[in-house]
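The next block holds one structure in the form of structure tokens; read it before the comments.
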Amino acid sequence: MKLVLGTLQDGYATMVTFSGLLNALDGVAATEERIVFMTTNHLDRLDPALIRPGRVDMQVHVGLATPNQIRRMFLRFYPFHPLLADNLVEKLSGLPPARLPSMAQLQGYFMLAKTSPEQAVKDIVASYLSVLQSAPSASSGSGTAGSTGPGVATAQWTDALGQPHRAATMVEGQTKPAS
């Protein structure tokens, strides 16, 4: 099995074998006492050999941002604007939990408006409140909601900027040891 990291469109192509990846993680040349972070949007697509116990000792689901995380991240970028942080959290409080932005999405908005917390709030609110106005219904066609199994709710929608979003919200207890 071959994994291709990078594409010719990026201007480079790197071929890494699956065996080479596993050897880099815990083969003869691997170093001891290190922490490796692996991320994926599709845990179910990973080869079980890659995430077996002993190689992956802990799995942590990093879900969508909570109101407290939204406020804290806002204050990291704009430490002198606690009222704007509270305003943002209040405006997003009407969203269903599965429709809140991810931490990465928030960071993107904050990076685009580094010098203007007011603009960041405006952009986030415009994008995510449009989700409320175009919430999935039988007639809207702007999004879908469903379930992929017990304890997992899914949603898909398009924000005001035309960006597609997909979210899955899992039941509490999002940190679990590998089995």
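The values are calculated or read from the model by the stated rules, or taken from the named source; none is laboratory data. The structure presented is a predicted model; accordingly, all values stated were derived computationally and were not measured. Glycine also receives a Cβ, built like all others from the backbone with ideal geometry; neighbour counts cover every protein chain displayed. Just the protein is used for accessible areas: all its heavy atoms, side chains included, with ligands, DNA and RNA removed. Shrake-Rupley method; radii C 1.70, N 1.55, O 1.52, S 1.80 Å.
Tabulated results
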{"read-out": "Single unsatisfied condition, residue 62 versus (1) at pLDDT below 85; (2) open to solvent by less than 60 Å² (accessible area, probe 1.4 Å)", "value": "(2)"}
{"read-out": "Only one of 84, 132, 88 that is part of a helix (DSSP H, G or I) and at pLDDT below 85", "value": "132"}
{"read-out": "Residue count, region 12-46 (criterion: open to solvent by less than 80 Å² (accessible area, probe 1.4 Å), more than 26 Å from residue 104 (Cα to Cα) and not in a helix (DSSP H, G or I))", "value": "6"}
{"read-out": "Total residues in region 95-123, condition more than 16 Å from residue 71 (Cβ to Cβ), touching a helix residue (DSSP H, G or I) at 6+ places or on another chain (Cβ under 7 Å) and open to solvent by less than 50 Å² (accessible area, probe 1.4 Å)", "value": "2"}
